[in-house]
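Inspection log for the structure reproduced underneath, given as structure tokens.
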Amino acid sequence: MGEKRQDYISWDEYFMGVAMLSGMRSKDPNTQVGACIVSQDNKILSMGYNGFPKGCDDDEFPWARTGESNETKYPFVTHAELNAILNYRGGSLEGAKIYVALFPCNECAKAIIQAGLKTVVYASDKYADTAATLASKRMFRAAGVELVPYLHTGRKIELEV
Ligand SMILES: [Zn+2]
């Protein structure tokens, strides 16, 4: 009997890869973020990326980052983590893990905690010093959510589609 192949991707690479692939669906010209929710026994439950709510046309709503509040994307865009939570229609997410490209903001942290997610695996924490991220971490700590920095393996995953 032959032996199994050895260069298969790890669970962490798989789920973070799916999160990053989801982010590639985003129409946001500046920030593309993806998220992947996984059960305790490593089944993918949901995915999401940052974008406008259903019915809010990507060509009509603004993508700008500066200007009058309602001329920017900020009042309208739904973050990847919240979309992943809301996209799940299968019941409870209690105890699940979420893989995210970027450390969750305070609004997503609230949703993650209230949905019962217990672990956040994040690939980047580049806004660690911002008030939103500090607020997130304070809430996660208080709620007992485990925060796990993703260990980058440097593996390049190439797909021809
Ligand atoms: Zn967020």
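No lab work stands behind these numbers, since they all come straight from the coordinates. Since the structure is predicted, the reported quantities are computational estimates derived from the model, not experimental observations. With ideal geometry, Cβ positions are generated from the backbone for all residues, glycine too; neighbour counts draw on all protein chains shown.
So the values come out like this:
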quantity	calculated
Glu107 paired with Cys56, simple spin-label distance in nm, labels 7 Å along Cα-to-beta-carbon	0.8
Cα-based Lys pair tally, region 72-161, threshold under 25 Å, eight or more apart or on separate chains	15
Cα-centre dipole for region 29-161 with unit charges at Cβ (Lys and Arg positive, Asp and Glu negative), debye to 20	600
Residue exposure sequence - Asp12, Asp129 - by fewest surrounding Cβ within 10 Å	Asp129, Asp12
For region 6-161, the fraction of alpha-carbon pairs in successive 10 Å shells from zero, as %	11, 40, 35, 14, 1, 0
Helix-only mean residue ellipticity at 222 nm for the chain, each DSSP H run of n ≥ 4 adding -39500 (n - 2.57), per residue, nearest 500	-8000 deg cm²/dmol
Inter-probe distance in nm under a simple model that places probes 7 Å from Cα toward Cβ, at Met24 and Arg138	3.9
Residues Phe103, Phe76, Phe140, sorted so that the one with the fewest Cβ neighbours within 10 Å comes first	Phe76, Phe140, Phe103
